[in-house]
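The values are calculated or read from the model by the stated rules, or taken from the named source; none is laboratory data. If you're wondering where the values come from, they're calculated on a predicted model, not measured in any experiment. Neighbour counts are summed over all protein chains in view; Cβ atoms, including those assigned to glycine, are modelled from backbone coordinates with ideal geometry.
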Amino acid sequence: MDQTYILLLGLAALVAVVAAVVIRKRMQQDQDESTPADSPYATSTEGEKRCPKCGMGNMWTDRQCIACGAALKG
Ligand SMILES: [Zn+2]
């Protein structure tokens, strides 16, 4: 057997193995992406408490609305 032929055969086998690994990884990533990252319960107001009375955005540390003084939950 020619040495170049063996080298090419080995290279082809290596490429096939790498391709199989890459495809498998990509398929696993697709499965991970199929599950939503954020839950439907997540709030869109990041770090902010909406006043139930006037709708003012307050800091999540505030216990009272800065606009109308209504008590905030949490
Ligand atoms: Zn308010």
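Criterion first (at pLDDT 80 or above and at positive phi) does residue 69 satisfy it? Here the answer is yes, as residue 69 does meet what is asked. Only one of the numbered conditions (1) under 30 Å from residue 70 (Cβ atoms); (2) aliphatic (A, V, I, L, M); (3) modelled with pLDDT under 85 is not met by residue 59, and that is (3).
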